[in-house]
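J.: Sharing a structure below in structure tokens format, with a few things to ask.
The values are calculated or read from the model by the stated rules, or taken from the named source; none is laboratory data. What you are looking at is a predicted structure, and each value in this text was computed from that prediction instead of being measured. Here the Cβ positions follow ideal geometry from the backbone for every residue, glycine too, while neighbour counts run over all protein chains shown. Remember, those area values only see protein heavy atoms, side chains included, never the ligands or the DNA or RNA. Shrake-Rupley method; radii C 1.70, N 1.55, O 1.52, S 1.80 Å.
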Amino acid sequence: MALLWHGRGPDERDVLAPVARAAAKLGVVVLVPDWRSDAADGGRTHLRESADYVRHNAADFGGDPERITLVGWSLGGKAAVAVAVNTAAFGNWRPRAVVGIAGAYHSVAPTTGTVPLDDLRLGDSMVPPVPVWLVHGLADDVVDVERSRELATALEKRNWPVSLTEVATDHAGVIMTAFDPGRDRCLPSAAGHAVEAGARTAGILARAAGITTR
């Protein structure tokens, strides 16, 4: 089962519909909540409530509350990784695995109010590792791919299980979308690079959730 967080745009769960549906076709139970980064607390309450909801209701959706994979794109990716590296973030709850999609991990996360890379370095061996899967577009001009490379290197140095997949697309294409300036929103895309990259992201999400894919 996977809890998937969207990025900075307030209440944009629809943006993740293409990649969520692709993951669902692979057998993943995916829940995508809305949240608002423009809330007074940066969205922390919304994000925490969504995690609590999934933990308490996973069985109703055919999921296992002990096997929740936390996934996020862009700011949501940073928020998800922060929960993994900061054990106190959500009342000491941590997911079974984390997927960070096109995230930046060197600045403050909305879930913790701390910097994921700093938490990782300061926590060091005191933080029990969980598998971290990272996906990033090589043509991303919103969040540079170096941000995911930086995190992957830091995790490897601390013997965390980590996988980084770099795909030939941009910030929106990695979730099977394209940014529409007129609507100031990412919309589903049929472009080859986005379809291919989004399919790879969905496959990684499935593997992180424990589903074997081809």
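J.: Taking amide hydrogens as modeled 1.01 Å from N in the peptide plane, which residues meet the under 5 Å criterion relative to MET176, leaving out close sequence neighbours?
T.: When sequence neighbours closer than 5 places are left aside, the close amide H contacts are GLY198.
J.: Counting only other residues whose beta carbon sits under 13 Å from that of ALA84, what net charge do I get with K and R as +1, D and E as -1? Mind dumping the intermediate values first?
T.: Numbers: positive: LYS78, ARG94, ARG96, ARG158; negative: ASP119.
Its environment carries a net charge of +3.
J.: With both partners inside the chain, how many of the DSSP beta bridges are antiparallel, as a percent to the nearest 5? Intermediate values should be presented prior to the final figure.
T.: On the way: 4 of 25 bridges.
Close to 15 percent.
J.: Note down the relative contact order for the range 78-199 as a percent, whole number, built from C-alpha pairs under 8 angstrom at least six residues apart.
T.: On the way: 244 pairs, mean separation 26.0, N = 122.
About 21 percent, as a whole number.
J.: Between the range 140-182 and the range 45-65, how many Å separate their Cα centres?
T.: 26
J.: What FRET efficiency comes out for the pair ARG183/ARG121, r = Cβ-Cβ distance, R0 = 41 Å, nearest 0.05?
T.: Working: r = 39 Å, r/R0 = 0.96.
With a Förster radius of 41 Å, E is 0.55.
J.: Amide H of THR165 versus every other amide H placed in the peptide plane: which residues, excluding those fewer than 5 positions away on the same chain, fall under 5 Å?
T.: LEU134, VAL135, HIS136
J.: Any idea what log10 I(q)/I(0) is at q = 0.20, 0.31 Å⁻¹ for the range 1-49, Debye with uniform C-alpha scatterers and no solvent?
T.: -0.64, -1.11
J.: Per residue of the range 103-113, what does 6.51 cos²θ - 1.76 cosθ + 1.60 with θ = phi - 60° give for ³J(HN,Hα)? Whole Hz please, x for Gly and Pro, Karplus curve as stated.
T.: Result, ordered by residue: x, 10, 10, 9, 9, 5, 9, x, 6, 10, x Hz.
J.: Looking at the range 1-108, send over the antiparallel percent of its DSSP beta bridges, to the nearest 5.
T.: On the way: 0 of 11 bridges.
The answer is about 0 percent antiparallel.
J.: Please compute the contact order of the chain in relative form: average sequence separation of alpha-carbon pairs under 8 Å and at least six residues apart, divided by the residue count, as a percent. Could you put the intermediate results ahead of the total?
T.: Details: 475 pairs, mean separation 43.3, N = 214.
Rounded, it is 20 percent for the chain.
J.: At 0.36 nm per residue, and after removing the present C-alpha to C-alpha distance, how many nm does the segment from THR153 to ARG21 gain when stretched out fully? Write out the running numbers ahead of the final one.
T.: Values: separation 132, 0.36 × 132 = 47.52 nm, distance 3.08 nm.
Contour length minus Cα-Cα distance gives 44.4 nm.
J.: Let me make sure I get this right: for the chain, a, b and c are the square roots of the gyration tensor eigenvalues over alpha carbons, sorted descending. Under 1.5 in a/c it's rounded, otherwise prolate if a/b > b/c, else oblate. Which is it? Provide the component values of the computation, followed by the final result.
T.: On the way: a/c = 1.28, a/b = 1.19, b/c = 1.08.
Taking the square roots of the gyration eigenvalues as a ≥ b ≥ c, the chain is rounded.
J.: Please report, as a whole percent, how much of the solvent-accessible surface of the chain comes from carbon and sulfur atoms (probe radius 1.4 Å).
T.: Working: 4590 of 9370 Å².
The value for the chain is 49 percent carbon and sulfur by accessible area.
J.: How large is the accessible surface per residue of the chain, computed with a 1.4 Å probe and reported in Å² as a whole number? Numbers along the way, then the final one.
T.: On the way: 9370 Å² over 214 residues.
Accessible surface, normalised per residue, equals 44 Å².
J.: Another question, then. Tell me, what is a quarter of the convex hull surface for the C-alpha atoms of the range 93-201, in nm² with one decimal?
T.: Working: hull surface 29.5 nm².
Answer in nm², one decimal: 7.4.
J.: Give me the distance in nm between label points sitting 7 Å out from Cα along the Cα-to-Cβ direction at SER107 and ASP38, one decimal.
T.: Label-label distance for SER107 and ASP38, simple model: 1.7 nm.
J.: Taking the chain as a Gaussian network, where each spring joins two C-alpha atoms under 10 Å apart, which residue of ALA190, ALA202, ALA82 fluctuates the most?
T.: ALA190
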